[in-house]
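The values are calculated or read from the model by the stated rules, or taken from the named source; none is laboratory data. A quick note: this is a predicted structure, and the numbers were derived from the prediction, not measured. Note that each Cβ is placed from the backbone with ideal geometry, even for glycine, and that neighbours are counted across all protein chains shown. SASA here: full protein model, heavy atoms, side chains in, ligands and nucleic acids out. Shrake-Rupley method; radii C 1.70, N 1.55, O 1.52, S 1.80 Å.
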Amino acid sequence: MTDRALVVVRAGALTTVQDRGRPGHAHLGVPRSGALDPPAAALVNRLVGNSPDAAVLETTLDGCAVRARSAVTVAVGGAPCPVRVGGRPAPWGAPVRVASGEVLQVGTAVAGVRSYVAVSGGVAVEPVLGSRATDLLSGLGPAPLTDGTVLPLGPPTAAPARLDIAPQPAPPAGLVLRVTLGPRADWFTPRALGELTSRTYRVSPASNRIGLRTEGPALERARAGELPSEGMVWGAVQVPPDGLPLIFLADHPTTGGYPVVAVVHPADLPGAAQARPGTPLRFVAVRGTRR
Amino acid sequence: MRALPVGAHALLVEADSAEQARALHAELLRRRAAGSLSAREIVPAARTVLLDGVDDPVRRAAELTATEPPPAPETTSAPVELPVHYDGPDLAEVAAHWGVSVREVAEIHAGTEFTVAFCGFAPGFGYLTGLPEHRYVPRRSTPRTAVPAGSVALAGPYTGVYPRASPGGWQLIGRTDAVLWDTAREPAALLAPGTRVRFTPVGAA
């Protein structure tokens, strides 16, 4: 048995294995999944010398702790948090050496929600449909980590990056999401569209990897009845019968039956994934390309 | 047909009928295979086809709706046969809706040829069409918190089979031992859009 592995010492509230997801299967009901903050996952992979496809750990608010069975290089990024290696403080956002048998502690996020942990060689659990991502909606990929889980690691492919600190965007104190209206904006009254793009919402604690739920003014429908099921994208702002916008994230269903009032600009979605419950949220309407 | 904007990289083409949506889906798959359309996802649904991962969706929109898609080619492969025990807990309710006996529910359902219109809800869950409009049944007013894997169910115009245990609000008329979704199998999904399906009764109905 290889000793290139991590042993989970403290799984945390929700720690999952994530990569760039499994696109191309939406027509079979398989969500894209993958890291909710893709730039953060890509950065920590780069810091330890991994390919962008390598699987990382995604924590939720309270971090995790893992013991390395062999010497590895790790990097922690995304939501800023205290990092300790072998009990000693270690840098966040930079490659760090962990000796064989030492424990890497990823602490509670001081801002943001999701921290990312890359390990040289990447987490090498068995891929499902080409991806190692945990998909919470579909139950695909490895189960969320539990204490004692052993995670195999792949062989390191390149030397860690040589730098002191990598700049990363600060998690949002206030979230501004650029949206293009449609495809079903006409299912809502002009007043509702005005409210969507002028009032302040808040991120609901009921948010998860499937969607960012909001609290704020309920959007009034211009037409009653049910919408036949239709395809959904990451960033779709779906409005269920309670009228409160729900922004679909990586584990969203691939088809759905509630109208999508608008779609969030892809560049704003990593920030959405880092917004804590209670964060004020505004939707700003922008025109689509060449419209 | 009309194309609706879906953010920066996607568009939703709304067809005038379910048949046109099916034809459009077949045509888009053909174009992608031929290299004249680049899209990461082509997702058919009840009346629409979503294209995601498309460069310049606004330019594509005009192109995709300008011409009527040719009729979808007939599927030549044999239907997938799903053996069903017609003993679901909602059988009597469906029979009452249809105004027939419980036994006739099984006969009508097994006597219908279905086609997978689209997938969603869970990996491998197909929305099967084929029942005539007077056989449509409403969803249960209170969804079940747990529906066993393999449950054969009805709701609105659709029949479906739950690939795994999950909550669900459809009317359960039977169960199958067929494995709808298995990631160790190629393909993982037994049912994909366009697949024809027949249910065959097993045991005493």
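List of remarks:
- For B:Asp87, net neighbour charge (Lys/Arg +1, Asp/Glu -1) across residues whose Cβ lies under 14 Å away: -1
- Ligands, DNA and RNA excluded, the heavy atoms of B:Trp181 present near 40 Å² of accessible surface to a 1.4 Å solvent probe.
- Using the Karplus relation 6.51 cos²θ - 1.76 cosθ + 1.60 with θ = phi - 60°, the per-residue 3J(HN,Hα) values for the range A:44-53 come to 5, 4, 4, 5, 9, x, 8, 6, x, 7 Hz, with x marking Gly and Pro.
- Residues whose placed amide H lies under 5 Å from that of B:Leu82, excluding near-sequence neighbours: B:Arg198, B:Phe199, B:Thr200
- Calculated from backbone phi, Karplus (6.51, -1.76, 1.60) coupling profile of the range A:227-234 in Hz, x at Gly/Pro: 8, x, 3, 8, x, 10, 10, 4
- Per-selection Rg to Rh, chain A - Cα, Kirkwood hydrodynamic radius: 1.01
- Surface share of carbon and sulfur [accessible, 1.4 angstrom probe, percent] for the range B:115-192: 54
- Helix B:57-66 axis, angle to chain B major axis (alpha carbon atoms, nearest 10°): 70
- Two-decimal log10 I(q)/I(0) for the range A:5-152, as the Debye equation yields it once each C-alpha is a single scatterer, q = 0.10, 0.16, 0.20 Å⁻¹: -0.29, -0.75, -1.18
- Summing Cβ point charges (Lys, Arg +1; Asp, Glu -1) relative to the Cα centre of the protein assembly as shown gives a dipole of roughly 1360 debye.
- For A:Phe188, neighbours were defined as the other residues whose beta-carbon sits under 10 Å from its Cβ, and their charges (Lys and Arg +1, Asp and Glu -1) total +1.
- Distance in nm between pseudo-label sites at A:Val110 and A:Arg191 (7 Å out along the Cβ direction from Cα): 4.6
- Alpha-carbon Rg/Rh ratio, for the protein assembly as shown, with Rh computed the Kirkwood way: 1.00
- For A:Glu220, the residues whose amide H sits under 5 Å from its own are A:Thr189, A:Ala192, ignoring neighbours fewer than 5 places away on the same chain, with H placed 1.01 Å from N.
- Calculated [θ] (222 nm, deg cm²/dmol) that DSSP helices of n ≥ 4 give over chain B, each run adding -39,500 (n - 2.57): -6500 deg cm²/dmol
- Each other residue within a Cβ distance under 10 Å of B:Ala117 adds +1 if Lys or Arg and -1 if Asp or Glu, for a net charge of +2.
- The A:Ala218 and A:Asp164 beta-carbon pair, evaluated with R₀ = 45 Å, returns a calculated FRET efficiency of approximately 0.40.
- Per residue, the protein assembly as shown exposes an accessible area of 41 Å² to a 1.4 Å probe, with every protein chain left in place.
- Between B:Ala78 and B:Ser36, the simple label model (points 7 Å from Cα in the Cβ direction) yields a spacing of 3.6 nm.
- Whole-Å distance, taken between Cα centres, linking the range A:269-288 and the range B:1-17: 24
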